[in-house]
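Values quoted throughout were computed directly from the atomic coordinates according to the rules given, and no laboratory measurement underlies them. Note that the structure is a prediction, hence the values are computed from the model and not measured. Here the Cβ positions follow ideal geometry from the backbone for every residue, glycine too, while neighbour counts run over all protein chains shown.
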Amino acid sequence: MIKNYLLTPGPTPIPPRVLETMARPIIHHRTPEFRKIIQEVEEDLKYVYQTKNEVLIFASSGTGAMEGSVVNMFSPGDKALVVRGGKFGERFGDICKAYRIEFISLDVEWGKAVDPKRIEEALKKDNKIKAVYTTLCETSTGVSTDIEAIGKIVKNYEAALVVDAISGLAAIPIKTDEWGVDVVISGSQKGLMIPPGLAFVSVSPKAWALIEKSTLPKYYFDFKAYRKALTKTDTPFTPAVNLMIALRESLKIIKEEGLEAIFAGHKKMAFAVRNAVKAMGLELFAPDAYSDGVTAVKVPQGVDGEKLVKTMRDKYGVGIAGGQDEMKGKMFRIATMGYITPSDLVVCMATLETVLSEMGYKFQLGSGVKALEETLR
């Protein structure tokens, strides 16, 4: 019998009290009972987002909300600036391309964070840029971006700042209003600790001004329709009822612990993971711009990275993530967000040591676990 542990950067483990809420009989969504749930969820999402702006809720993956941020803000002939430093930064460019929106690619080496000065230089050169797209935590590389510094720059221009915080929200800090972020996108299956299926978008007055002028075609992801429904504590289309009920419970847990305590816990666990892998002689993929939500590690030479991840999952029941696209087989990623705990990390590190040893990698057995536990203490 294998006991399963999930340490991927989405989906993440779900707390038992959240799971229990999804097992209750379903309720109808056009009722006072469900409108009360919408109201509670909306207010608690504002707490997590650290915003006074509306947070729109979609039955969708995070990518749906990313697409919504494009179709709602642009018109034919408009231009975007897209920071592409990983698979998900590149996705913004792909969406712009699908809707024939011209965009300037600000390419960043995988494993590095964008220099905010490069964004300022691009905005100075081209006053036709309507929005800047970047990520808070690039899941594919484990890189954290200095959104606060970027926000200070973009607020001086007509362009809106759009941030993919799908693997960052409730995992690492983002102060939406204080940092001047106009659109923040997130999803349900990471720091918010429920299954995939919900996406969220906060929208500032600056962004709403662009939305009012947008002429790109849109229907399901029409932000104005969701905003109108929200004024009646309702949704324009059928919501994911039980996911909303689960979200209400997970947000209660987040508020009970407090954002600062959660961020501190993630920071401590991520620091411990970094120390552990370095003690084993492994190399961090993003040593200068690491995220406290997910740690990316280079696979040592001579080790099959895809087999490493597969063996940990299928033989030992410990799920971590492999590399994506150009880094497939060359890195693995360990999450430290949501309901992942220090004891989960001990199991993960012990299993990583076991599998690496089985695959012929030479290091001092126990060094990773020892460094992890010493750091956690």
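Criterion applied to Ala171, Ala113 was being part of a loop (DSSP other than H, G, I, E, B), in contact with a Pro (Cβ under 9 Å, 6 or more places away or on another chain) and among the hydrophobic types (A, V, I, L, M, F, W, C), and the one residue passing it is Ala171. Scoring Arg100 on the criteria (1) closer than 19 Å to Leu210 by Cβ; (2) under 19 Å from the mean Cα position of the chain (by Cα); (3) free of Cβ contacts under 8 Å to residues at least 40 places away in the same chain leaves a single failure, condition (2).
Counting only residues that are aliphatic (A, V, I, L, M), crowded, with 24+ Cβ neighbours inside 10 Å and within 15 Å of Lys130 (Cα to Cα), the range 60-80 holds 3 of them. The condition of being surrounded by 19 or more Cβ atoms within 10 Å (Cβ to Cβ) and part of a helix (DSSP H, G or I) does not hold for Ala261.
Across the range 62-89, the qualifying residues are those that are β-branched (Val, Ile, Thr) and not in a helix (DSSP H, G or I), and the one among them that is farthest from Leu216 (Cα to Cα) is Val83. I'd like the full set of residues that are farther than 23 Å from Phe263 by Cα and part of a loop (DSSP other than H, G, I, E, B), limited to the range 156-168. Across the range 156-168, the qualifying residues are Asn156, Tyr157, Glu158, Ala159. Taking the criterion of being without any contact (Cβ under 8 Å) to a residue 12 or more places away in the chain and within 11 Å of Ile194 (Cα to Cα), the only residue of the range 1-18 that qualifies is Pro16. Restricting attention to the range 298-323, the residues that are outside any strand (DSSP E or B) and small (Gly, Ala, Ser) add up to 4.
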